[in-house]
């Protein structure tokens with residue numbers, strides 16, 4: 001049964017709408033003003049909100065702004081007896097699903113509600129499909145180091161503790177972050193990833209916190225930052241050791257206060273985000289060299305997870321190779337190739353400077369260039385022919 005919140009300071013309107021919609025099979029909750037409505041909106045889950053515009057304490061447009069911050073996926077239908085075209089346009093621009101004048105036409109109201117319900121269903125289905133498509137890969141391996149990481153994830157993921165993941169490039173730090181999110185209480189929320197090393201220093205603050213239109217030369221429209229996008233979910237800050245000191249200060253403030261301010265703006269925006277960070281650098285050394293804030297390091301490293309290099313977990317290589325062979329051959333539409341034991345031993349003895357990322361590339365190369373089976377000579381000739 002769909003749950004609808006009716007917010008209106010006129011008791012007669014609430015009663016009339018409630019009776020009509022209850023008869024249509026909807027579950028109804030009421031609020032007599034914007035403040036009460038916002039409290040209920042934050043505490044419960046609703047499929048659609050019907051909200052008056054002219055109300056005491058908190059008017060409909062203010063409610064719309066705050067509700068969109070709390071949960072942008074819930075359709076909000078504005079209703080008003082004092083409406084103008086300008087008011088309707090403003091409401092829709094701010095994210096209202098639709099605008100209906102009082103007294104509402106019953107047929108139009110029911111059609112609008114059904115359309116809003118369809119939108120809610122589509123949003124939910126899209127999230128489910130997105131999770132299926134981006135399903136987290138298995139963490140492959142039974143080495144003691146990997147088993148410790150799996151055990152730590154099981155203990156830490158359900159908490160709100162911030163996690164710092166360390167390790168060389170290509171070891172699978174992102175996979176650890178994804179599993180932390182997948183097994184957390186925030187798994188139904190977004191996992192937003194930011195590669196701090198890939199974003200120029202002058203743009204990192206805009207990327208993280210967003211910006212207002214006109215805040216700098218190329219800011220031709222408002223931008224929502226990664227903190228806001230990750231609201232209710234997890235923000236993964238990869239290669240955080242490359243973040244500028246000014247951005248570090250703002251991240252520290254966001255972690256301390258649970259609020260951010262867009263570049264060029266003065267409005268504080270509340271965000272509910274769990275931060276997981278990763279780095280291939282020695283951050284304590286970066287602190288000594290004045291490249292990283294010590295207070296931010298302590299904020300982020302409540303739990304430390306170190307991912308070992310592939311050379312430190314060679315016994316996991318056969319399992320990894322087998323999984324990569326299965327996936328890559330399926331992608332190419334061919335039967336899974338077998339790898340002979342001497343070839344596997346050669347892979348285990350190889351020095352993997354690029355870790356798991358390099359191993360996967362090598363397996364794909366061997367699938368393409370080898371015959372029906374992968375032989376030791378295939379490994380010798382094709383793994384690193386220039387070495």
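The values are calculated or read from the model by the stated rules, or taken from the named source; none is laboratory data. Quick caveat: nothing in here was measured; it's all calculated off a predicted structure. When we count neighbours, we look across all protein chains shown, and the Cβ atoms used for this are built from the backbone with ideal geometry, even at glycine.
Okay, here's what the table says:
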read-out: Selection count where residues are within 16 Å of residue 361 (Cβ to Cβ) and touching a residue at least 60 places away in the same chain (Cβ under 8 Å), scope the range 310-333; value: 3
read-out: Hits in the range 282-305 - residues which are closer than 18 Å to residue 170 by Cβ and surrounded by 15 or more Cβ atoms within 10 Å (Cβ to Cβ); value: 305
read-out: Residue 216 vs. criteria assigned by TED's automatic domain parsing to the domain that holds residue 293, over 21 Å from residue 273 (Cα atoms) and either at pLDDT below 95 or under 18 Å from the mean Cα position of the chain (by Cα) (or both); value: yes
read-out: Checking residue 198 against (1) farther than 19 Å from residue 297 by Cβ; (2) at pLDDT below 95; (3) surrounded by 20 or more Cβ atoms within 10 Å (Cβ to Cβ), the condition it does not meet; value: (3)
read-out: Single match in 228, 239 (criterion: under 26 Å from residue 157 (Cβ atoms) and in contact with a helix residue (DSSP H, G or I) (Cβ under 7 Å, 6 or more places away or on another chain)); value: 239
read-out: Identity of the residue in the range 138-167, in contact (Cβ under 8 Å) with a residue 40 or more places away in the chain and more than 23 Å from residue 235 (Cβ to Cβ), that ends up surrounded by the most Cβ atoms within 10 Å (Cβ to Cβ); value: 141
read-out: Test: residue in the range 59-75 that is farther than 28 Å from residue 230 by Cβ and either assigned to a helix (DSSP H, G or I) or not assigned by TED's automatic domain parsing to the domain that holds residue 233 (or both); value: yes
read-out: Matching residues in the range 76-97 - criterion: being in contact with a strand residue (DSSP E or B) (Cβ under 8 Å, 6 or more places away or on another chain) and either closer than 27 Å to residue 188 by Cα or in a helix (DSSP H, G or I) (or both); value: 76, 77, 87, 88, 91, 92, 95, 96, 97
read-out: Selection within the range 207-218 - in contact with a strand residue (DSSP E or B) (Cβ under 6 Å, 6 or more places away or on another chain) and in a helix (DSSP H, G or I); value: 209
read-out: For residue 358: the one exception among (1) assigned by TED's automatic domain parsing to the domain that holds residue 274; (2) surrounded by 13 or more Cβ atoms within 10 Å (Cβ to Cβ); (3) within 27 Å of the chain's Cα centre (by Cα); value: (1)
read-out: Count - residues of the range 330-355 that are in a helix (DSSP H, G or I), surrounded by 13 or more Cβ atoms within 10 Å (Cβ to Cβ) and under 38 Å from the mean Cα position of the chain (by Cα); value: 4
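Here's the yes/no breakdown for (1) over 30 Å from residue 61 (Cα atoms); (2) assigned to a strand (DSSP E or B):
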| position | (1), (2) |
| --- | --- |
| 115 | no, no |
| 149 | yes, no |
| 153 | yes, no |
| 170 | yes, no |
| 185 | yes, no |
| 193 | yes, yes |
| 205 | no, no |
